[in-house]
Amino acid sequence: MWQPRSFRQLIWQISICAALVVVVLAVASGNYKHRPLLALLNSFFTESEQQPERENPSRRLSLLANGRPRLDPLPAAKEVWQCEVVVVGGSLGGVAAASQAMKSGAKTCLIELTPWFGGQISSQGVSAIDESDTMVKRNNFSNDWNSFKQLIKRQQIKLPAWAKQKQKLTVDDTNSCWVGRLCFPPKVGEQAARQLLNSAAKSAPGSRWGAGIAFKGAEFDATGRLITAIYGVRRIPRDRNYVPRGRLSEDLPSWYSWSSTNTYQKVPIRLEAPPGKRLIVIDATDTGELVAWARIPHRVGSESYTTTGEVNASLKDNPDCTQAFTFTFVLAIKNDYGISRAILSQHRPIFSEAEHRDHFDLIGFPMFDGRSFFKYRRIVSAKHNRRFEGNPSFGDMTVVNWFHGNNWNLMNPPLLMGELRLIQTGQYQNWLGGISTTALKHGEDRALLFSEWLMEVAKKANSQFPLAHLSGKDSPMGTLSGLSMMPYFREGRRIIGRKAYGQTNFMIREQDMRKDMSGGRNFQPTAIGVTHYDVDIQGCMYRNWVQPWEAQSAGTTEDKVKPVIIPLESLIPQGVDNLLIGGKAIAVTHIVNGVTRIHQGEWSVGAAAGATAGWILQQNNPKLTPTAIVPNKLMPKLHQHLRNQGLRFTWYQSR
């Protein structure tokens, strides 16, 4: 049962309950003169900002004869990129997909919305690798993933001038956190991602990639089943010294717009297959942008028991209820004489500051000493001191991603736009990301206010360790605000797979991964990856305490979770024959996403998608598509290719 967290909230709840009683009694008695009050309450509950930005209820969905959306406007392409594999989204999975496609010999193109490649480990600021303890103990990771982590560890770090760096440092010299075994500045994640792409491109001459490129839509053949081209728009900052503002809620429309602005020159691009070649596309965006725009069957939010048959599913489907998203930031042990805190104190959120602060809590962890909040995701340890004992040092930095802090899980409004909102905002014709800028603004508010709160708490906890919010060109996030360029998206749209393993609409379900449940299936015959973790659901709520229909009882620790075998079928969507999923948008339920969304899980999916695409192209069989691999009994050959590429799709038992 919900408990009020303050006297103000208690009074608010009593008032609302009283008003509801009046309305219910009035309606029950047939007295409808109170309908205006009912409408007012409903308006208050749903919040006016839930309405889509620039909504036009009169808009209609315009489709081509092949059933796919009609792009309008569609400027003539000023650049045409020719490639056999197109990866949409330079997320962590997207980088893995592009690198594996190139290593398989496929001429590959990769486009990424933000200035940085790497997603979770760079532009989203979650540069603290969180892995299953069981996988770590057994080293049940692929050679590919282990090699990438080693590449990160070898990266040189350039600290800000105030840190007074006296010698060359690598990640290995400054790595000391306790969320996992590898933490580093987000810029290092970007460096490592680019180095990996450069190395992989040696096996696929002519491959190319570009940051600052927004996905705008696709071209399909007459049947609507084959993608023949991808459209994007590249933005080129007019100022050589341009630094992203770190306010995505304000920047998103201009990032996606076809039109040039005072800030950016825009270049429309088209990505297509070389003459006489085939095209395979991989959607590696964290929110499933291509899936949403092309209206490919998918699910969003939490599912009910009726929909999935999962024991811990909610009683009703709720497409609003995705996991919380988080704008991350970095705090440093640095005396800036209160300047950054004073700047943050001027921030004015949409909701009241008091309402945000009611959420903040270190939940019993000390700020600095021992197994502390600060050292949890410490990305720079200046003296390379211990993870669990003692205090940090001057110059140490931590990235903040905290459930009772900068997480934003209130669905007022929901982050991901559904079909109706996409129609009303005209995004099927002119794609603008498919996410709510109002929700993003709330997330930014929460993060900036939490940073200010933490500096207050730190001052009270230990005056020897003053904290500063790092922002500006040389900050770890590389933004003027100090917030991550993109939020950490834990969950996006998830495809519905084709008929497989006894399901008409395939999804990996809760019972497939729980040790203490019956009904699990063996996906090993078509496995392309493996992952493992807690069922970690950082669930949704509504601001007004309306039932969120979240899978609240589904979370559990990794000791109750079986190895999650990821089958090829989870990467193949319905209705499109040359598309694979290379990230979080695979065919899993809301509950299973709580396991597969982590760094290693996303990498495993992306790497397998890229390797599979490259292998298909190697076969020189124009009729071979991803969906034809299993019925044609080609999995043994694909498995051998995956092994040759250093990928893992089996779980090694301890000896």
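Data overview
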| item | result |
| --- | --- |
| The range 297-321, residues that are within 19 Å of the chain's Cα centre (by Cα) and surrounded by fewer than 24 Cβ atoms within 10 Å (Cβ to Cβ) | His298, Arg299, Pro319, Asp320 |
| Residues located in the range 95-134, provided they are in a helix (DSSP H, G or I) and either touching a Phe, Trp or Tyr at 6+ places or on another chain (Cβ under 6 Å) or not hydrophobic (A, V, I, L, M, F, W, C) (or both) | Val95, Ala96, Ser99, Gln100, Lys103, Gly119, Gln120, Asp133, Thr134 |
| Failed item in (1) buried (at least 18 other Cβ atoms within 10 Å of the Cβ); (2) touching a residue at least 24 places away in the same chain (Cβ under 8 Å), with Val171 passing the rest | (2) |
| Contacts under 7 angstrom Cβ, first residue in the range 246-270 being under 26 Å from Arg208 (Cα atoms) and free of Cβ contacts under 8 Å to residues at least 60 places away in the same chain, partner among the hydroxyl-bearing types (Ser, Thr, Tyr) and assigned to a strand (DSSP E or B), 6 or more apart | Ser254/Tyr264 |
| Selection status of Phe388, touching a residue at least 60 places away in the same chain (Cβ under 8 Å), part of a loop (DSSP other than H, G, I, E, B) and exposed (fewer than 15 other Cβ atoms within 10 Å of the Cβ) | yes |
| Sole exception among (1) under 25 Å from Met541 (Cβ atoms); (2) of a type in the set (A, V, I, L, M); (3) at pLDDT below 95 for Leu449, by number | (3) |
| Checking Ile280 against (1) touching a Ser or Thr at 6+ places or on another chain (Cβ under 9 Å); (2) crowded, with 21+ Cβ neighbours inside 10 Å; (3) under 27 Å from Ser62 (Cβ atoms), the condition it does not meet | (3) |
| Number of the condition not met by Lys383 [criteria: (1) of a type outside the set (Val, Ile, Thr); (2) modelled with pLDDT of 95 or more; (3) surrounded by fewer than 16 Cβ atoms within 10 Å (Cβ to Cβ)] | (2) |
| Filtered residue count, the range 162-219, keeping only those that are closer than 26 Å to Val291 by Cβ and of a type in the set (A, V, I, L, M) | 9 |
| Single match in Leu448, Leu480 (criterion: among the hydrophobic types (A, V, I, L, M, F, W, C), at negative phi and assigned to a loop (DSSP other than H, G, I, E, B)) | Leu480 |
| Qualifying residue in the range 598-618 (condition: on the phi > 0 side of the Ramachandran plot and part of a loop (DSSP other than H, G, I, E, B)) | no |
| Which numbered condition Thr261 misses (of (1) closer than 24 Å to Gly119 by Cα; (2) assigned to a loop (DSSP other than H, G, I, E, B)) | (1) |
| Filter result for Ala500 (of a type in the set (Gly, Ala, Ser) and within 30 Å of Thr625 (Cα to Cα)) | yes |
| Residue count for the range 31-83, restricted to those that are modelled with pLDDT of 60 or more, in a loop (DSSP other than H, G, I, E, B) and either more than 27 Å from Ala439 (Cβ to Cβ) or in contact with a strand residue (DSSP E or B) (Cβ under 6 Å, 6 or more places away or on another chain) (or both) | 13 |
| Search result, residues across the range 340-371 that are more than 30 Å from Arg386 (Cα to Cα) and not in a loop (DSSP other than H, G, I, E, B) | Ala342, Ile343, Leu344, Glu353, Ala354, Glu355, His356, Arg357 |
| Any hit, the range 395-403, residues being surrounded by fewer than 22 Cβ atoms within 10 Å (Cβ to Cβ), touching a residue at least 40 places away in the same chain (Cβ under 8 Å) and more than 22 Å from Asp361 (Cα to Cα) | yes |
| Top-ranked residue of the range 276-285 - restricted to ones that are out of contact with any helix residue (DSSP H, G or I) (no Cβ under 6 Å at 6 or more places or on another chain) and in contact (Cβ under 8 Å) with a residue 24 or more places away in the chain, ranked as nearest to Gln574 (Cα to Cα) | Val281 |
| Subset of the range 137-191 [under 19 Å from Arg386 (Cβ atoms) and in a helix (DSSP H, G or I)] | Lys153, Val171, Asp172, Asp173, Thr174 |
| Condition check for Ser340: surrounded by 16 or more Cβ atoms within 10 Å (Cβ to Cβ), small (Gly, Ala, Ser) and over 13 Å from Leu448 (Cα atoms) | no |
| From the options Gly206, Gly217, Gly189, residue that is surrounded by 19 or more Cβ atoms within 10 Å (Cβ to Cβ), touching a residue at least 60 places away in the same chain (Cβ under 8 Å) and over 30 Å from Phe373 (Cβ atoms) | Gly217 |
| Residue in the range 218-232 that is touching a strand residue (DSSP E or B) at 6+ places or on another chain (Cβ under 6 Å), in a loop (DSSP other than H, G, I, E, B) and within 19 Å of Leu422 (Cβ to Cβ) present | no |
| Unique match (being surrounded by 18 or more Cβ atoms within 10 Å (Cβ to Cβ), farther than 21 Å from Ser91 by Cβ and acidic (Asp, Glu)) among Glu289, Glu272 | Glu272 |
| Flag for Arg509 being among the basic types (Lys, Arg), in contact with an Asp or Glu (Cβ under 7 Å, 6 or more places away or on another chain) and surrounded by fewer than 20 Cβ atoms within 10 Å (Cβ to Cβ) | no |
| Pairs where the first residue, in the range 556-578, is over 16 Å from Asp536 (Cβ atoms) and the second is acidic (Asp, Glu), C-beta under 9 Å, 6+ apart | Ile565/Asp512; Pro573/Asp283 |
| Criterion (at pLDDT below 95 and farther than 20 Å from Lys137 by Cα) met by exactly one of Val605, Val576, Val546, Val588 | Val546 |
| Every residue from the range 491-502 that is on the phi < 0 side of the Ramachandran plot, assigned to a loop (DSSP other than H, G, I, E, B) and either of a type in the set (Ser, Thr, Tyr) or buried (at least 24 other Cβ atoms within 10 Å of the Cβ) (or both) | Glu491, Gly492, Arg493 |
| Test set (1) crowded, with 22+ Cβ neighbours inside 10 Å; (2) over 25 Å from the mean Cα position of the chain (by Cα) - Ser259 fails condition number | (1) |
| Cβ pairs under 8 Å, 6+ apart, first in the range 622-637 and in contact (Cβ under 8 Å) with a residue 12 or more places away in the chain, second assigned to a helix (DSSP H, G or I) and exposed (fewer than 14 other Cβ atoms within 10 Å of the Cβ) | Met635/Pro525 |
| Cross-chain or 6+ apart pairs with Cβ under 6 Å, the range 297-320 first and free of Cβ contacts under 8 Å to residues at least 12 places away in the same chain and at positive phi, then assigned to a strand (DSSP E or B) and crowded, with 23+ Cβ neighbours inside 10 Å | none |
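The values are calculated or read from the model by the stated rules, or taken from the named source; none is laboratory data. In this text the structure is predicted, and so the values were computed from the model without any measurement. Heads up, the Cβs are rebuilt from the backbone with ideal geometry, glycines too, and the neighbour counts pull from every protein chain shown.
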